[in-house]
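Colleague: Dropping the structure in here first, questions after.
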């Protein structure tokens, strides 16, 4: 019976493969790989492993959600489990990436029939699958070389330029995030020709592993295959490098380093001119001393000139560097200024009918610009003591960042203290998640998308944008939902800008919302990116439980959601953590929910050092092959122990050490809905 079932499944996969062939083109017409590798072990074509492999490869073609260039898949259990990775080149479009994946999944099983392990490399992507764990594992074998047979002019100097460029790319790629470890550059060669380079690691590698992989390719492999040639590349399972004398990547798709050519070495005379012959005579000590003095003088002069040039460059860079965030954002902010009359007309003279919300910062209005675009206008109240600071902070920070999971600042009016944002139609997360009726609209698929969206927005703020920003007031009311229920982080009045090498900050005035503030911030005023991670963990647990932090009638006494959830986790009573609306969903959803609870508990650890970074969190959410550490007991502070909190306020309402005027923003537009 089992054999018949396997044959039936194989036949169904064959039919589906034929259908996909007609949809994508015949598999015989697919291009050949640049290089490919087939493992040593194989199984029968109708084995459970091969059935799982076929299903997984077909799922790649059917998956239309892939949009960031690196994907890991798995299918099956134990010895029949298939693990697969796809890495697209960092500059290719989503369409080209998906096309390359479609080609790869069709060709690789043909060139490596019935093999348990295989790798195929195209220009635009790499597909790899195996019956062993490959995610997060750095491997440099097998490696393959490709090179341009044409020799480069002035080989020795050409090799120096290439090596320097590739090492710069190695550092840039290795320091990349968990979504993309990719860098491109160009440098000027010895004959003034431009040399283009690329380095990439699979994003599941750590910075150190990426460095090791690329360093081996640059130091060991590149000289063996390609030294002195006008182009070359090294392909390994975990990283790849390439250089050419022509542009082979899309410069508009990703920032690139521009590296100057190193100074050419001074030519050494092969023989001394006749007039110099007496200086080389052993008996002429005076000649030797004169030559030494000349050499020393030249060396000192060259060193002084280089030092002078370096000082001039440093002074120039310092003068060009913005003195502070205001000057750095000025050009961008100037372009966002809007006149008051335009905004007044758009909001129907700030009519009550257009009012979306009201709070400490001021009212929020719905508006429509002359071109039909809907906007949300946040207006600073005259009696708002903190408003001036928040207004300035929000404009300067939001003028510097742009991401699909951040609410977009469209403009501002300085004289009347107006902030103009894109209008987000589905209001804020708390409008849905804490309302028993509206929460029914949020299936697990929607909630998981919201969790991922928030994570990617925070990752951008912490690591991927050109500045580092700590939000400091992440909460359900500051998460807006667009028409497709994607999350957008809003309200940056409390945010702080970090220098690129800064790890934490400290304040004497703690502002924010109880329950979302991390222990170190609440107790000592110390905040960091890990403070946002703590707030994110609280949000995850709220989204899964459907309960507001500190409001658990069917749990024990009102206490922090992290404590309550950890206790239930330890007791094995996971069902009491999960919103009953989600309990009816399938087993696959349940395992995903439990994993998200696990991630949320890791985020609310008492010590900041025990919490994961946002790039690790994004990887945890997107990969089931990553093992998660056991969460420790979170910090024990109960609602009743918080300053200014009384038992009568156990409804879970938000409070602040210093009364927060940041409670109403664009995200509070549901208040009068």
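Values in this text are rule-based calculations from the coordinates and carry no lab data. What you see is a predicted model; the values in this text were computed from it and never measured. Counting neighbours? That spans all protein chains shown, and the Cβs are built from the backbone with ideal geometry, glycine included.
Colleague: Can you sort 404, 496, 379, 242 so the residue with the fewest Cβ neighbours within 10 Å comes first?
Modeller: 404, 496, 379, 242
Colleague: Counting other beta carbons within 10 Å of each residue's own, what order do 435, 103 fall into, fewest first?
Modeller: Going from least to most buried by this count: 435, 103.
Colleague: Here is a further query. Give me the one-decimal nm value for the distance between modelled label points at residue 40 and residue 192, 7 Å along each residue's Cα-to-Cβ direction.
Modeller: Placing both labels 7 Å beyond Cα along the Cβ direction yields 5.5 nm.
Colleague: What FRET efficiency would be calculated for the residue pair residue 574, residue 47, taking the C-beta separation as r and a Förster radius of 30 Å, to the nearest 0.05?
Modeller: The calculated FRET efficiency here is 0.30.
Colleague: Counting other C-beta atoms within 10 Å, which of 122, 365 has the fewest, and how do the rest follow?
Modeller: Starting with the residue having the fewest Cβ neighbours, the order is 122, 365.
Colleague: At 4 °C and a viscosity of 1.567 mPa s, what translational diffusion coefficient does Stokes-Einstein give for region 172-233, taking Rh as the Kirkwood radius over Cα pairs? Give it in µm²/s as a whole number.
Modeller: Result for D is 102 µm²/s.
Colleague: Right, here's the next one. Taking 7 Å along the Cα-to-C-beta vector as the label spot, tell me the residue 337-residue 609 distance in nanometres, rounded to one decimal.
Modeller: Here the answer is 4.9 nm between the modelled labels.
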